[in-house]
Each structure stands twice: as C-alpha cells, then as structure tokens.
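Here is the structure we will look at, set down as structure tokens.
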Amino acid sequence: MKKTVVIFIKVYRVLWPLLQSGMGLKSNCIFVPSCSRYMEEAISQMGVVKGSWIGLKRLARCHPFTSSGSQGRM
Amino acid sequence: MEKNVLWATILSAVFLMGWYYFFMPATQAPGSAPVIGTRTNVSEEHGKSLEPAFSKTAQLLDAKQITPIQPTERILENSKLKIALDSRGASVKHWWIKEDERITSKGQDLVDLVNSGLSSSGADSFPLTTFPELQFKEVRYAKLGSGQISSVWKAQLASGLEIEKSYYLGNENGLEEESYFSRMVVIFRNLSKNPIVLENFKLGWQGGLGTTKSELKENQSVTRLLAYPSPTKEVIKFKSGKEKADFTWAGIDNRYYLFAFLPKQGQLDHIVTEKSKTNLGEVFLATDRLEVAPGESKTYALKLYGGPKGYTHLRELGLGLEHAVDFGYFGFLGKWALKVLNGLKKTTGNYGWAIILLTCALQLLLFPLSMKSYRSTAAMKKLQPKIQELQKRYKEDAKRLNQEMLSLYKESKTNPFGGCLPMILQIPVFWAFFTMLRNSYELRGTPWIFWIKDLSQHDPYYILPVVMGGGMFLQQRLSGSVGDPTQAKVMMFMPIIFTAMFLNFPSGLVLYWLTNSILSISIQYWCTKKYA
C-alpha cells in the first residue's frame, strides 16, 4: 500500500510538468522541498494515513498569505 | 525495483486512460442501428382499439394502397440545402447540407444529417415521418422565381383522416435569403362523419444525426438531445423521457451540426426523447391526444433548422440557436476566447496564427508569475547547503534551529502571487480554450500553413503530435536529474504515450498545446540560465 502510493506520487511528479506546460499553467511554488517530495517522504516515514494527512496539511498552507521558505521539517 | 517499474507503468497507463477517456469520450460502433418508428396509436371513433399502428397496418390503409407501391422520391434543393423526401410516411430520406465553399471546394461529399446508411430499419426510421408504412402521394411541387420551393404530399387513413404534409424551402414572400431553414406544415382533415382521435401522436427527428466522415467514430457519444427554454440562457439536455414543450426550440446535435424544431407556441404539448446504446437518438414533438372533429381540420406548422453549428452564424439568426454550441463548464470564457480568436483571424487572415498569437498573449500575461517562481526556486536551491548545515549543527536544539532558519529566510515575505491558488485559477482558462478549440465549427476547413489544411481535423502526417512528443522529451531532459531508475523509466514512456494520445486530436488543439509547451520550455530554459 505504502509503496503503491509512493509510486503514484512519483508518476505524478513526472507527468504533471508535461501537462502543466501544455495547458499553459504557471505556478509559483513557495515551498522547498516541493509538496510532492514532502508528502512522499512523510508517507514513507509515517505510513499512508498519517503521512498523507501531513502532506495535505502542507498543501493547505500553499496559498498567497503564507510566507515562503523551507518547511522540510515535519 | 522491477515490481515498482511494473506498478509505475500500470498506474500511469490507468491515469492516462482516465485522461484520454475524459477528453475523448468513448466511442461506439455505429453499426448496430436501432429499430424504431413512430409508435402512433390510432383509436377510431370512441377509442375502441388502441393497437399500435404497425400491427394493424392493413386496417389503416385504403384497399388500393395495400398493393405494394414503389416508394417515390422528391429532391428539394437550393444553395444551402438538398433534401430528399420519401413517399413512405412523407419522410426525409436525406438532408444534405451545403457548407461553406472552403469545405465543399475540397471535393468532400455533402454532409447528410440523416443517418440512413446506419439504420437497418429503413423507412421506419426516416426523420419527420408520419405513419411510416403509409404511402404518401406528392400532389403538388412548385419552384417559384422568388426562390421558394414547395412539395405537398397527401395520404389517407382508413378511418377517413386525410394527412397533408408540405415542405417549404425559402420564405413565402421570397424575401429571406436562402438559408438552412425550411418549413413544414401538417394538416389533418377529418373526411368522415365521426370524430377521429390519434393517441400519442409524435413527429420528430430520429436515427441520430449524421456528420462528416472524420467525426463518425465519436458521433454517437457527442450526439445530444436538447431544448432551449427562452427565459434562460442555458440549453436543457435530455436523456430519455417526456418533457413539457415550453421551449423556443428543441432538437438534436453533434459536434458540428444541429437539427432543430421551432414550433409555434402551444401546438404540441411535449417533447419525447430517447437515446441509448441501441438508439442513436431521437427527439419528437408529441401530443397525447390529437382529436379532429368531423369535417374539421388541424394544422401544425413548424420551422426547421438543419445545418452547421457555427456560433457566430447561429447568433446572427437571433433565435437562440447559438446556445447549442457547447463551450464547456466555463462557457463565458470560451465565448470570449472565440471572440478574440475571430478578431485575430481577421487581422492575420489565418486561424492557425490566431491560435498561436492568443496562446502567446496568455503566456505573456503570466510571464511575471513564472519568472518569480523560477527565481525563488533557484534562490532556494542555493540556500540548501546552508540549511543542511544548520540542521546538522542544531540537531538537538529544535528551537534554535527554527530561529536560525528564520533569520536565513528573513527576506522572504508573503507573496500575493504565491502558492497553488493562482494556478488553480488558470485551469478554467485552459479548459475553456480546450473545449472551444475542440468544438468550434469555425475551425472546420480552415488551414494553417503547409500541410495543415484543416485545423479541425487531425494532422494528416502527424507532424505536430510528434514534435510535441519531442518537446516533452526535451523538457524532461531539461528538468535534470531524476534520482531513481523507476522514475527514469516512467519518464521515457510519458512522451510516447502522450504522442499516441494526441495523434487523432484536431490539429488546432495540438497547435495550442504545442505552442504552450514550447513557450513554457523556453521560459524555463531562459530563467534557469539567468538565475543559475
């Protein structure tokens, strides 16, 4: 299960830039590491349920009123 | 790792299949045509027999009409339409439409809106039929100097009900220029001494809607049954069922064509629709009870539109038919995009260049956003070694580490363009463009340069999709190290899958995607160099 989800995230990471550029979408990522890497690490360390939750919380922080920077620590 | 590779491939295939399904609706073999007909029940006098018309055909017909008669045909033709009428049910056997010169000059066959080639049931499923087993006789045909063409057909039921059906091309007074409009008038005359009641009388279009050859594969899935209620701005789409006929128009459409009835208000009570796996789609105007008193008559007059679905053209007609054009969920954006595209087409004289220019303009608008993004990514990368060093040094002291990190980032502040929100806001724009380019009749038959002769059709030599795949490959190389071998292998696959997926997309759409990709990659390359 854990492996499946991690692979899925990896595939997303390869796929998304291709779609994004073709769709003409421009993003401005404010976090390092990227949300997908962050979630991947969280899931492989804490399991699917807790890891996903932490990853989603990180995604929820990704809005114009968050100050940018490294949020590598969980 | 082998297992992972397998998983990755399966998952990506599943994802892409989902994507493919989303953009290119499932197709259905048009071979299995439905067996349908006008199920009109006739109850003579006081509703004694309610048998379906088909089973008791012999009872319905005059003795002389039982002997098989060769069906006759009549062609009505002007500069926009060529309609073939059939004596069986005074129905429409072919409804050819003459499109713009840019399409017809390429030697393409005229598009026939009647799906006759696909229906196995023959005359029963011809559109606009009334009593398909009844042979009508043409009693009058006239072609006036004013451009009006008329054809009047008559038949009589055993009950003594005479049916007179007239088709007209052009306006009565000949003032209206030739168009995709025609008119139909049906008169029921009771020649008997008793009241005659027709139960569940229906008149409509059936057997799906025909289209151009290249669209046949998807036609079944894009055929819609719809109606436009005047006070709102939205069309209502039907599956199968019965609706009250409170509409300006009702009809059937597919990607590029529309057939619509514009009935006089209150004439027929409701709309009956059906579309299923075996039924290519039918829409009827109907009434539960059509009663004609002895010596009396009842007249139904309908205006018919059967032609192309170009938004600009339909809008000019001012009848609300343009609402049949599907611009997707973000319709207002799609209409806006089409307007700008039409404007750019006027300046450049070419829809291909118009698409490229419009795409460039959008990218330019978003350029500051992407530049900022690449700059901060580059800056953050430069800081990474320092962060790692800090993390190592203050491993035990989390509080101190946070302080140090904060001071490192002290110049970073909240950014109104930061985060995923701006990107989410751009998705409707993309979707509006995608739908507009996919569905616009305006692009039909319009060239770009060299080998692209029709932006609404797939690239005949598949050059654009292959270049697009190459661009994706380049983009992946540019984004640098991949890390693990699984990802590297998946990366190799993606451009190939994408290319395969785009092979049959309209070249206008691929051109849009390709322009976006090339610009994105160039900006990425330029920014990475600049901020390295």
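Taken together, the values in this text are just the output of simple stated rules run on the coordinates, not laboratory data. The shown structure was predicted, so the numbers you read here are calculated from the model rather than taken from an experiment. Note that we place each Cβ from the backbone using ideal geometry, even for glycine, and neighbour counts take in every protein chain shown.
The table below lists the values:
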| item | result |
| --- | --- |
| FRET efficiency estimate (nearest 0.05) - Cβ-Cβ, B:Arg289 to B:Leu364, R0 56 angstrom | 0.30 |
| Gain upon complete extension [B:Lys489, B:Thr347; 0.36 nm per residue less C-alpha separation] | 46.6 nm |
| Partner chain coverage, peptide A:3-9 - average Cβ within 10 angstrom | 4 |
| Modelled FRET efficiency - R0 30 Å, B:Leu474 with B:Ser221, Cβ distances, 0.05 increments | 0.30 |
| Entries of B:Lys213/B:Lys244; B:Lys453/B:Lys530; B:Lys93/B:Lys193; B:Lys335/B:Lys489; B:Lys93/B:Lys237; B:Lys392/B:Lys489 with Cα pairs more than 31 Å apart | B:Lys213/B:Lys244; B:Lys453/B:Lys530; B:Lys93/B:Lys193; B:Lys335/B:Lys489; B:Lys392/B:Lys489 |
| Neighbouring partner chain Cβ atoms per residue of B:314-327, average, 10 Å criterion | 0 |
